[in-house]
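The values are calculated or read from the model by the stated rules, or taken from the named source; none is laboratory data. For clarity, every value in this text was computed on a predicted model and none was experimentally measured. With ideal geometry, Cβ positions are generated from the backbone for all residues, glycine too; neighbour counts draw on all protein chains shown. We work out accessible area using only protein heavy atoms, side chains counted, and drop any ligands, DNA or RNA first. Shrake-Rupley method; radii C 1.70, N 1.55, O 1.52, S 1.80 Å.
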Amino acid sequence: PSGKVFDKWTATPSVTFTGNTFTMPASNVSITANYKNAAYTVTVNNGSASPAGGSMGSTITVTANTPEAGYTFDKWVVKSGSTAVTFASATSTQTTFSMPAGNVSVEATYKAKTYTVSVTGGTASKTTANVGDTITLTPGTAPSGKVFDKWTSTPTVTFTGNTFTMPASNVSITA
C-alpha cells in the first residue's frame with residue numbers, strides 16, 4: 001500500500017517464520033502480511049524542517065533562513081521528490097505541508113529587494129535599484145551664478161565621480 005512498507009508475517013494458528021517461509025502444520029493456516037508506515041526524509045535548502053521527516057500524511061513545518069542584506073524571502077519550491085507537496089502558504093517564511101509517500105527536497109528562495117533613488121538637482125540612471133547596482137548621476141542645470149560642486153546623500157554613500165553603489169536602503173541625493 002502507498003506510504004507503507006512490509007513489516008512482518010503473522011499466522012493463525014501461530015507458526016514460526018524463517019524469513020518468508022514456515023513449516024506447514026497439520027491444519028489450515030491463515031497468513032497475513034503486516035505493514036507499517038514508511039519513514040521518509042525532508043531535505044531543506046536555505047531553511048529547516050521540523051520534524052526532518054515522517055510517514056505519509058505527517059505534518060511537516062518548514063522555516064526559511066533569514067535572508068542576506070538586500071534580499072527578501074520569495075517562496076518555497078519543491079526541488080526533488082514528490083510533486084504532490086502542497087504548501088499551506090508557499091509565500092510565507094514558515095509554512096507546513098503534508099508528507100507525501102516519498103523523500104522530498106524543498107528550497108526557500110529569495111529575491112533582491114528594490115530600493116528607490118531620488119535626486120534633487122539632477123537625474124539618476126535608475127530610479128529603482130537592487131543592492132550592488134551602480135547608479136550614474138547627471139547634475140541638472142545649476143542656478144544662475146552657481147556651478148555644480150558635489151553630491152550629498154542620505155544615507156551617506158561613497159561617490160566615485162558621478163557614480164555610487166546602491167546600498168540596502170532607499171537613497172536621497174542632492175546636487
Please work out how much length the chain gains when fully extended from LYS111 to THR156, using 0.36 nm per residue of separation minus the C-alpha to C-alpha distance, in nm with one decimal.
13.7 nm
Of all DSSP beta bridges having both residues in the chain, the percent classed as antiparallel (nearest 5) is 85 percent
Taking a point 7 angstrom from the Cα of LYS126 along the C-beta vector, which residues in the range 64-91 have backbone N less than 15 Å away?
70-72
Please work out which option in (1) 8, 27, 33, 22, 10, 1; (2) 9, 23, 14, 14, 14, 10, 6, 5, 4, 2, 1, 0; (3) 13, 37, 27, 17, 6, 0 gives P(r) over Cα pairs in 10 Å bins from 0, in percent calculated from these coordinates, and answer with its label.
(2)
Share of Cα-Cα pairs in the range 55-135 beyond 21 Å, whole percent, is 46 percent
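Can you give the FRET efficiency to the nearest 0.05 for ALA39 and ASN170, using r as the Cβ-Cβ distance and R₀ = 45 Å?
0.40
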Two-site FRET efficiency, THR32 against GLU68, from Cβ-Cβ distance with R₀ of 45 Å, rounded to 0.05
0.25
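For the chain: lysine pairs with Cα atoms under 23 Å, gap of 8 or more or different chains, count?
Within the chain, the lysine pair count is 8.
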Arranged from highest to lowest average of other beta-carbon atoms within 10 Å per residue, in what order do the peptides 164-170, 151-157 appear?
164-170, 151-157
Solvent-accessible area per residue for the chain (1.4 angstrom probe, square angstrom):
60 Å²
Computed D for the range 1-51, Stokes-Einstein, Kirkwood radius over alpha-carbon pairs, 10 °C, 1.306 mPa s, to the nearest µm² per second, is 113 µm²/s
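Given just the C-alpha atoms of the range 118-175, how large is their convex hull per residue in cubic angstrom?
Normalising the Cα hull of the range 118-175 by residue number yields 68 Å³.
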